[in-house]
């Protein structure tokens, strides 16, 4: 059996079952020591550390962060903002992407297929904060339409990707 070709674009290296286990463990708790990670994946510390370093060098592990509860720091409102543009030029997109990327309220920005052009996930403290954000957004670049959808309740939110298992090809 060989692994599915789950490869970073800049390297030809394939992920084996241990790499996949390391990724799963790190996504659950990146604060574990290398020895603890190694115990969970069946490696001693040195080979485990070398694999983690290689996964970072290959760009598979982008960074390690602490997850913060947005409500406990006063950011109780999540808004999904759909944006339609009348201009689809590269210059407009660069201006839009640069402006939106500089706004700390924007957690995610996607270019979409379908009836909207862009989707943003925004977090703010309250309606007044969202109004300020909205005014900043619409003054940054010309937009055709902006639609805001306010989340009532977060039902599921995960950060760990489902690392595909190796399978026969």
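The values are calculated or read from the model by the stated rules, or taken from the named source; none is laboratory data. Predicted model, so just to flag it, every value in this text is computed and none were measured. Cβ coordinates were reconstructed from backbone atoms using ideal geometry, including for glycine residues, and neighbour counts include every protein chain displayed.
List of remarks:
- Residue check: residue 5 meets all listed conditions (1) at pLDDT below 95; (2) under 18 Å from residue 161 (Cα atoms); (3) more than 18 Å from the chain's Cα centre (by Cα); (4) surrounded by 12 or more Cβ atoms within 10 Å (Cβ to Cβ) but one, namely (4).
- Criterion: within 22 Å of residue 149 (Cα to Cα) and without any contact (Cβ under 8 Å) to a residue 24 or more places away in the chain - qualifying residue of 126, 117, 69, 29: 69
- Meets criteria (crowded, with 17+ Cβ neighbours inside 10 Å and within 24 Å of the chain's Cα centre (by Cα)) for residue 65: no
- Of note, residue 106 does not satisfy the criterion of being touching a residue at least 40 places away in the same chain (Cβ under 8 Å) and surrounded by 15 or more Cβ atoms within 10 Å (Cβ to Cβ).
- Residue 52 being under 28 Å from residue 27 (Cβ atoms) and either modelled with pLDDT under 95 or in a loop (DSSP other than H, G, I, E, B) (or both): no
- Criterion violated by residue 140 - all others in (1) surrounded by 12 or more Cβ atoms within 10 Å (Cβ to Cβ); (2) in contact (Cβ under 8 Å) with a residue 60 or more places away in the chain; (3) in the same structural domain as residue 77 (by TED's automatic domain parsing) satisfied: (2)
Conditions tested, residue by residue: (1) outside the structural domain of residue 100 (by TED's automatic domain parsing); (2) within 13 Å of residue 78 (Cα to Cα).
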| site | (1), (2) |
| --- | --- |
| 113 | no, no |
| 120 | no, yes |
| 123 | no, yes |
| 126 | no, yes |
| 129 | no, yes |
| 133 | no, yes |
| 158 | yes, no |
| 163 | yes, no |
| 166 | yes, no |
